[in-house]
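No value in this document is a laboratory result; all are computed from the given coordinates. Values in this document were obtained by computation on a predicted structure and should not be read as measured data. No Cβ is skipped: glycine too gets one built from the backbone with ideal geometry, and neighbour counts run over all protein chains shown.
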Amino acid sequence: MFDLRQFAALAPDWYLRLQYHHELDSTNDEARRLAEAGAEHGTVVLSDHQTAGRGRRGASWICEPGDGLLFSMVIRPSFPKTNWSRIALAAGIGIVETLNARWGVRAQVKWPNDIYIQDKKCAGILTEAREDFVIVGIGVNVMSAPPSENARIEAIAVADVVQSPVSREMVLAALLAGIMTEG
């Protein structure tokens, strides 16, 4: 289970914008519902487990509760809609730069929406635009990586490649700051 107290100590401003759930169908769907009801820019929906999490082209994102981060952000861009397609790449760059700077991980963006470490998938990004907002959904393998359903794509977790102990709370706090710096 995600430790809200630890997260609040690490990132008090983000804690105030966090909507945490033990289980949801999809963090993107919940973030969209909140955005349609007026949720502000930077609202974050986090779940320990998704029953209908998804990636690009209908792919599923599988993560055991407590192993990774499954979260979505409400983004209300202040720039023209014609440039909204860049948001996924900006989020990816924010993740990569955060992993590199904070933990010395040699991560890279694999176009269009994946983060790879040592040629293995560590994270995926799914953006969904609406009339006046974008939902940025992110799945990150933090503590362990699930067995791959696709023999061509191996998975890896952040904890597999860092020298110091990490927690999901620590990684989420760092990633949110890094993503919003890029966004």
* Once amide H atoms are placed 1.01 Å from N in the peptide plane, what residues at a sequence separation of 5 or more from V142, or on another chain, have their amide H within under 5 Å of its amide H? -> G68, L69, V158
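Let me know the whole percent of all Cα-Cα pairs from the chain that are separated by more than 31 Å.
Details: 1298 of 16653 pairs.
Distances greater than 31 Å cover 8 percent of the Cα pairs.
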* Asked: Of G124, P80, L4, whose Cα points farthest to the positive end of the dipole of the chain (charges on the beta-carbon: +1 Lys, Arg; -1 Asp, Glu; origin at the Cα centre)?
  -> P80
* Structure fact -> Given Cβ charges of +1 for Lys and Arg and -1 for Asp and Glu, the option among V105, I138, S164 whose Cα lies farthest towards the positive end of the dipole of the range 4-182 is V105
* **Likely footprinting exposure, V136, V109, fewest C-beta neighbours within 10 Å first** => V109, V136
* **Reachable lysines, given that their alpha-carbon falls under 30 Å from the alpha-carbon of K81 and they are not under 8 places away in the same chain** => K110, K121
